[in-house]
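The values are calculated or read from the model by the stated rules, or taken from the named source; none is laboratory data. Worth saying up front: this structure is predicted, and the values here are computed from it rather than measured. Quick reminder, even Gly has a Cβ in these numbers, built from the backbone with ideal geometry, and neighbours come from all protein chains shown.
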Amino acid sequence: MNCEDLKSSMLRWFGEELECHSNGRDSLTATLPILKPNGDPIEIGIESAGAQQWRLSDLGETYSTLYLAGVDLFEEYVRAEEFRQIVAAHRIKDSEKELSVEASSGDLVGSVFDFVHAIQSMLALQLTVKPKLEGRDFPSMVAKFLAEHGASFEIPSEHVDGKTGRWKFNFIFNHVLPPTLVKALSVTSKNQALKFAEQSVFEIRDVQEVKSTEAVVIADDEGSRAAFWQPQVLRIFDGYEIPVYPFTAKREELARLARRYSH
């Protein structure tokens, strides 16, 4: 093994691992063998920006990934400041939705690696979020109720693939009717209810971008928890026609739903 052998071997490996999909004339999506903290490969968009110029984009995944991981770049000063420093250091354009840079044809490869390195640094911010202790086991309560009413369901062993990520669902109704995804949500505050509602809608819609599937949400409204599910929170689901079943208030309706998926 010498330096030329090493370079040749690495170039061959990289070429075999890199995937590229054309989106039309002068536009493509590249999936690189460089990973996010969750192990998924980083994807970037590349499109023409004029003569010998190219625009690289993160396809909006960085903001959505950080948001869903609990990193609020609009409220948390320390993480937000570190994020801005990365943006400035790599001369990235930030629309507060999508990140992008422009590069000339001669600098394209180097710019791709620099941009991906910046994305990795940003995504690493999610590793600084302190894990939260689990509350009561609401999904188990829901599973017991569904089983008692004869519903045919499974607990997914893996996350469900969406367009921009892979998402956790508590149950999937199956066998009798087309599969229906189920989220069982228990929260401890009004703010958390709002956050979980937005996050759940995002994940459900993201899966529906790549497959035809129904989805329902079962909300923990026992006792004082009922006050957390304010009308403005429930309207988030209504806006996307995602049915919500408060576990206590709509017990009979939930039982009827379970029987629809009975063996």
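Within the stretch 164-196, the residues that satisfy the criterion of being among the basic types (K, R) and in a strand (DSSP E or B) are R166, K183. When G70 is tested against the conditions (1) farther than 22 Å from S200 by Cα; (2) surrounded by 13 or more Cβ atoms within 10 Å (Cβ to Cβ), the lone failure is (1).
Within the set E214, E209, the sole residue that is in contact with a Lys or Arg (Cβ under 7 Å, 6 or more places away or on another chain), surrounded by fewer than 21 Cβ atoms within 10 Å (Cβ to Cβ) and not assigned by TED's automatic domain parsing to the domain that holds Y67 turns out to be E209. Note on the stretch 173-198: residues that are surrounded by fewer than 19 Cβ atoms within 10 Å (Cβ to Cβ) and either of a type in the set (G, A, S) or more than 18 Å from M141 (Cα to Cα) (or both) total 13. Taken together, the criteria place D58 among residues that are under 22 Å from the mean Cα position of the chain (by Cα) and buried (at least 17 other Cβ atoms within 10 Å of the Cβ). Of all residues in the stretch 4-15, those that are within 18 Å of L32 (Cβ to Cβ) have Cβ atoms under 9 Å from Cβ atoms of residues that are at pLDDT 70 or above and surrounded by 11 or more Cβ atoms within 10 Å (Cβ to Cβ), 6 or more apart or on another chain, in W13/P33; F14/L32; F14/P33. For the criterion of being at pLDDT 90 or above, within 30 Å of K250 (Cα to Cα) and either surrounded by 12 or more Cβ atoms within 10 Å (Cβ to Cβ) or among the aromatic types (F, W, Y) (or both), N170 passes. The set of residues in the stretch 138-163 being touching a residue at least 60 places away in the same chain (Cβ under 8 Å), in contact with a helix residue (DSSP H, G or I) (Cβ under 7 Å, 6 or more places away or on another chain) and not in a helix (DSSP H, G or I) consists of H149, G150, A151, F153. Are any residues in the stretch 217-263 surrounded by 14 or more Cβ atoms within 10 Å (Cβ to Cβ), of a type in the set (A, V, I, L, M, F, W, C) and over 19 Å from F169 (Cβ atoms), and if so, which ones? Passing the criteria: A226, F228, W229, V233, L234, A249, A255.
Within the stretch 239-258, residues that are in contact (Cβ under 8 Å) with a residue 40 or more places away in the chain sit with their Cβ atoms under 8 Å from residues that are β-branched (V, I, T), at 6+ positions apart or across chains, in these pairs: I242/V201; I242/I204; I242/V216; I242/V217; F247/V142; F247/I218; L254/I218; L257/V216. Candidates V233, V207: the one that is within 26 Å of T65 (Cβ to Cβ), in a helix (DSSP H, G or I) and out of contact with any strand residue (DSSP E or B) (no Cβ under 8 Å at 6 or more places or on another chain) is V233.
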